[in-house]
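Undergrad: Pasting a structure here, questions to come.
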Amino acid sequence: MSSPLTPSEIKTALRSLPKWKYVRKAVTKTFTFGSFREALSFMVRVGFEAEAMNHHPDWTNVYNRVEIRLNTHDAGGKVTGKDIALAQRIEKLNWAR
């Protein structure tokens, strides 16, 4: 089981994750792309990263927007290092700056 991060640890980690926010016990970000096809492509690429980490996001997609919400279920739905690590990987894939 992963240990939850403290609010201070989360705040520090978010400094290196542009536009990510800590909201309702999760780290979240909305990505906006040029088209649905781009948004879907991004989701597929993130899906491969998430599967490799065995850590899967809660997310929604509406046309060109993808909203990602990360927390760790086996840590009581709180943010852990696994969430920060996945957010960092997601940022490396992000071309919608």
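The values are calculated or read from the model by the stated rules, or taken from the named source; none is laboratory data. All of these numbers come straight from a predicted model, not from anything done at the bench. Using ideal geometry, Cβ is built from the backbone for each residue, glycine included, and neighbour counts are taken over all protein chains shown.
Undergrad: Within region 18-46, can you find the residues that are of a type in the set (A, V, I, L, M) and either under 14 Å from the mean Cα position of the chain (by Cα) or part of a loop (DSSP other than H, G, I, E, B) (or both)?
TA: Going residue by residue through region 18-46, those that are of a type in the set (A, V, I, L, M) are 23, 26-27, 39-40, 43-44, 46.
Correct list: 23, 26, 27, 43, 44, 46.
Undergrad: Residue 69 - would you say it is over 16 Å from residue 92 (Cα atoms), modelled with pLDDT of 95 or more and touching a strand residue (DSSP E or B) at 6+ places or on another chain (Cβ under 7 Å)?
TA: Details: over 16 Å from residue 92 (Cα atoms): yes; modelled with pLDDT of 95 or more: yes; touching a strand residue (DSSP E or B) at 6+ places or on another chain (Cβ under 7 Å): yes.
In short, yes.
Undergrad: Can you spot a residue in region 24-39 that is under 20 Å from residue 2 (Cβ atoms) and among the aromatic types (Phe, Trp, Tyr)?
TA: No, region 24-39 contains no residue that is under 20 Å from residue 2 (Cβ atoms) and among the aromatic types (Phe, Trp, Tyr).
Undergrad: Given the conditions (1) within 21 Å of residue 7 (Cα to Cα); (2) touching a Leu at 6+ places or on another chain (Cβ under 9 Å), report the number of the one that residue 49 does not fulfil.
TA: That leaves (1) as the condition not met.
Undergrad: Please indicate, with yes or no, whether at least one residue in region 9-17 is under 14 Å from the mean Cα position of the chain (by Cα) and not in a helix (DSSP H, G or I).
TA: Within region 9-17, one or more residues are under 14 Å from the mean Cα position of the chain (by Cα) and not in a helix (DSSP H, G or I).
Undergrad: Tell me which of these residue 61 doesn't satisfy, since it passes every other one: (1) under 18 Å from residue 23 (Cα atoms); (2) in a strand (DSSP E or B); (3) not β-branched (Val, Ile, Thr).
TA: Looking at each condition in turn, residue 61 falls short on (1).
Undergrad: Next up: Got a number for residues in region 6-61 being surrounded by 11 or more Cβ atoms within 10 Å (Cβ to Cβ), under 14 Å from residue 82 (Cβ atoms) and free of Cβ contacts under 8 Å to residues at least 40 places away in the same chain?
TA: Matching residues across region 6-61 total 7.
Undergrad: Could you grab me the full set of residues in region 65-97 that are more than 11 Å from the chain's Cα centre (by Cα), without any contact (Cβ under 8 Å) to a residue 60 or more places away in the chain and buried (at least 17 other Cβ atoms within 10 Å of the Cβ)?
TA: The answer is none; no residue qualifies.
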